[in-house]
Ligand SMILES: Cc1cc2nc3c(=O)[nH]c(=O)nc-3n(C[C@H](O)[C@H](O)[C@H](O)COP(=O)(O)OP(=O)(O)OC[C@H]3O[C@@H](n4cnc5c(N)ncnc54)[C@H](O)[C@@H]3O)c2cc1C
């Protein structure tokens, strides 16, 4: 069983998966490559002068995989409660089990709604519906979290990436039973 499964590998999901995997958690990242990030050109991402969407997405995937996340190219079709965790099924017939699930599905809330996760009206331009979350990123179902555009944050890459990281840190902290920080120190 994975400790953390992330559905969607845009900035929110890949950032969450990178933090989760780097923390040593068994991490699954499922993505069907239909997100909005590839279509953008970014000049407002702190620390990066300018970058195209495809490079931003692919670098994020490489970072998550580098730390041990398992990246699966597929579409998640259902999430159902299974004992201590959840079973995730995919379009190609895959079945995965995870203790925690982070929804990072961008503009899409269909999977959330089908899985019994409460949605609400969005506030951001062109985002009609979002998942209802608390400040930590928790949904109405214990163990299912949401991050990024689908969780209703401002539709900017650095904000969605930051929200994915935030939610992952909260999940890791819950798994560890103590607040988690990931600080590497500059090598001399
Ligand atoms: C044309 C355009 C230009 C933009 N320009 C800028 C800009 O200049 N600056 C800026 O800050 N922001 C810009 N943005 C916004 C920015 O791209 C988004 O805010 C941000 O990248 C969204 O990240 P996300 O991870 O929330 O969603 P997404 O990047 O959409 O990622 C969601 C992922 O979930 C996957 N997914 C969804 N459902 C499933 C499922 N059931 N199973 C598996 N995978 C699933 C999708 O395929 C996708 O990969 C632009 C957006 C567009 C469209």
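Derivation of every value follows stated rules applied to the coordinates shown; laboratory data play no part. These numbers come from a predicted model, not from an experiment. FYI the Cβ positions are ideal-geometry reconstructions off the backbone, even for glycines, and counts take in every protein chain you see.
Can you compute the FRET efficiency between residue 92 and residue 43 using 1/(1 + (r/R0)^6), with r the Cβ-Cβ distance and R0 = 30 Å? Round to the nearest 0.05.
On the way: r = 37 Å, r/R0 = 1.23.
Calculated transfer efficiency: 0.25.
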Site residue 84, offset 7 angstrom along Cα→Cβ, radius 14 Å on amide nitrogen, limited to segment 165-188, gives 175-177
Asserting the computed 222 nm helical MRE of the chain (DSSP H runs at least 4 long, -39500 (n - 2.57) per run, divided by residue count, to nearest 500) equals -8500 deg cm²/dmol
Rounded to the nearest 5, the percent of DSSP beta bridges in the chain running antiparallel is 50
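On alpha-carbon atoms, Rg over Rh for the chain using Kirkwood Rh?
Working: Rg = 15.3 Å, Rh = 16.2 Å.
That ratio equals 0.94.
Starting from 0.36 nm per residue, how many nanometres of slack lie between residue 141 and residue 180 once their C-alpha separation is accounted for?
Numbers: separation 39, 0.36 × 39 = 14.04 nm, distance 2.26 nm.
Between residue 141 and residue 180, full extension yields an extra 11.8 nm.
With a/c under 1.5 counting as rounded, go ahead and sort segment 121-188 into rounded, prolate or oblate using the C-alpha gyration tensor (a ≥ b ≥ c being the square roots of the eigenvalues; past the cut-off, prolate if a/b is larger than b/c, else oblate).
Values: a/c = 4.47, a/b = 1.47, b/c = 3.03.
Note, shape of segment 121-188 comes out oblate.
Can you work out the FRET efficiency for the pair residue 110 and residue 173, with r the C-beta to C-beta distance and R0 = 25 Å, to the nearest 0.05? Could you put the intermediate results ahead of the total?
On the way: r = 29 Å, r/R0 = 1.17.
Plugging the Cβ-Cβ distance into 1/(1 + (r/R0)^6) gives 0.30.
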Full extension between residue 36 and residue 123 adds, at 0.36 nm per residue less the Cα distance, a length in nm of 29.6 nm
